[in-house]
1. If you check K335, K322, which single one turns out to be under 25 Å from T301 (Cα atoms), modelled with pLDDT under 85 and not acidic (D, E)?
2. Which residues, counting only those in the range 212-223, are in contact with an Asp or Glu (Cβ under 9 Å, 6 or more places away or on another chain) and surrounded by fewer than 16 Cβ atoms within 10 Å (Cβ to Cβ)?
3. Kindly provide the set of residues from the range 327-366 that are in contact with a strand residue (DSSP E or B) (Cβ under 9 Å, 6 or more places away or on another chain), polar (S, T, N, Q) and surrounded by 12 or more Cβ atoms within 10 Å (Cβ to Cβ), ordered by number.
4. Take the range 331-371 and flag every residue that is under 24 Å from R385 (Cα atoms) and small (G, A, S).
5. Counting just the residues of the range 138-181 that are in contact with a Pro (Cβ under 9 Å, 6 or more places away or on another chain) and part of a helix (DSSP H, G or I), which one comes out modelled with the lowest pLDDT?
6. Starting from residues that are surrounded by 13 or more Cβ atoms within 10 Å (Cβ to Cβ) and hydroxyl-bearing (S, T, Y), keep the ones in the range 120-147 and report whichever is nearest to S88 (Cα to Cα).
7. If K369 passes every condition in (1) in contact with a strand residue (DSSP E or B) (Cβ under 7 Å, 6 or more places away or on another chain); (2) touching a residue at least 12 places away in the same chain (Cβ under 8 Å); (3) under 30 Å from K322 (Cα atoms) but one, which one does it miss?
Amino acid sequence: MQKSCLVLHQRIHTAAKPYPCSEWGKCFTELGSLISHPRTQTGEKPYSCSECGKCFTTSSALSRHQRIHTGEKPYSCSECGKCFSQRSHLITHEKLHTGEKPYSCLECGKCFSQKSHLITHEKLHTGEKPYLCLECGKCFSRRSHLITHEKLHTGEKPYTCLECGKCFSSILIKCALTRSASKKKTHPALNVHQRTNAAEKPFPCFECGKCFTQKEDLTSNLRLHTEEKPFSCSQCGKCFTRRAYLAKHQRIHVGLTPFSCSECGKCFTRRTSLTNHQRTHTGVKPYSCPECGKCFTWRTTFIEHQRSHTGVRPYTCSECGKCFSLYSAFSKHQKIHTGEKPYSCAECGRHFTRSDHLLIHQRTHTGEKPYSCAECGKRFNERARLVTHQVVHTGIHPFSCSVCGRGFITNARLIKHQQVHLSLEPHAWAQ
């Protein structure tokens with residue numbers, strides 16, 4: 001018995017395959033492999049599981065499968081004691097302890113502990129996407145991604161959160177975080193969602209102290225500290241912290257706008273942009289300020305509004321020390337120091353620091369006046385001028401002089417009026 005095992009083992013080194021298949025010409029190191037090989041061609045599966053009825057081409061494959069039902073895990077890691085149902089899984093696991101990564105990518109040099117991981121990685125370089133969705137024609141580099149995608153068409157969501165009842169469509173895979181607790185399979189998406197219910201954030205950033213529910217989010221956060229942007233656009237060179245951000249950006253170059261509004265037909269490169277746009281039709285304002293009750297359509301404007309209550313101004317100008325609550329205001333301010341005027345008028349060549357200033361200026365050439373007064377029909381090329389004009393109809397004079405109490409429609413008129421008092425002051429002193 002031991003001698004036969006030695007002979008089989010030595011064939012690994014000699015690459016000897018003494019058992020040829022007369023039908024297809026393929027050669028094998030073991031007689032058992034030769035016997036089972038024709039079944040892969042004919043599709044014959046003579047070994048069936050008495051528990052669930054699933055069929056297999058070899059008795060060894062059936063034996064491995066049956067361990068799922070019995071829960072048997074005969075292969076134990078000598079390093080940490082963890083048990084596995086298959087020897088191949090143990091061998092893969094042991095590489096975590098040794099740090100061994102024998103499979104390297106010839107394109108970029110990246111190393112992997114499993115051959116399957118290398119094969120999946122190599123598709124990034126080749127661009128190969130062999131798995132096609134028959135419903136919409138979209139292609140995928142992984143079969144698991146195709147299976148998950150197909151559930152979008154069927155609407156199937158078989159994985160339910162026991163905490164709140166929310167359902168998920170993703171394919172089941174082993175999840176280490178819940179396996180020890182339930183001894184059952186679960187999906188990372190469901191597991192991540194369950195952390196939102198439990199307020200669990202097991203991945204802390206030691207740089208800033210912020211905690212995350214997913215390791216991927218922690219990795220992205222660390223790149224903010226290191227300023228690392230490993231994903232670059234081959235078209236324009238712009239770099240990103242996440243592959244997903246790069247994929248969204250690349251749609252700009254190809255002109256891909258897969259998300260369309262069913263209400264008006266407008267198309268968008270991002271699903272989030274479509275969701276935000278649809279609120280203009282529905283009037284939904286899901287973000288409510290707990291301080292004053294004001295509601296907002298977008299989360300960004302809601303966060304910016306909250307700073308008006310807290311007084312937080314996180315953006316500081318390194319040139320003059322002035323602080324801003326909005327990044328857009330901070331960015332506009334910096335152009336004062338640099339003198340940068342990147343927006344030029346194609347008609348007269350005049351330059352502007354802001355795109356909205358250029359847009360207003362261009363209306364002087366086109367004569368466009370898009371803002372009309374509902375009261376008298378007068379039209380304006382700027383919204384600010386319309387707002388100022390509308391005060392004429394209300395009779396309100398919001399800007400009052402602190403010296404004589406006289407009211408004015410605009411702040412500019414108040415300032416001009418105050419100069420009258422300033423010019424009279426020296427005469428008063430002379431008397």
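The values are calculated or read from the model by the stated rules, or taken from the named source; none is laboratory data. For clarity, every value in this text was computed on a predicted model and none was experimentally measured. Note that each Cβ is placed from the backbone with ideal geometry, even for glycine, and that neighbours are counted across all protein chains shown.
1. Values: K322 fails: modelled with pLDDT under 85.
The match here is K335.
2. Answer for the range 212-223, where residues must be in contact with an Asp or Glu (Cβ under 9 Å, 6 or more places away or on another chain) and surrounded by fewer than 16 Cβ atoms within 10 Å (Cβ to Cβ): just L222.
3. S331, S344, T353
4. S344, S355, G367
5. So the residue we want is L177.
6. Out of the qualifying residues, it is T120.
7. Status for K369: all satisfied but (3).
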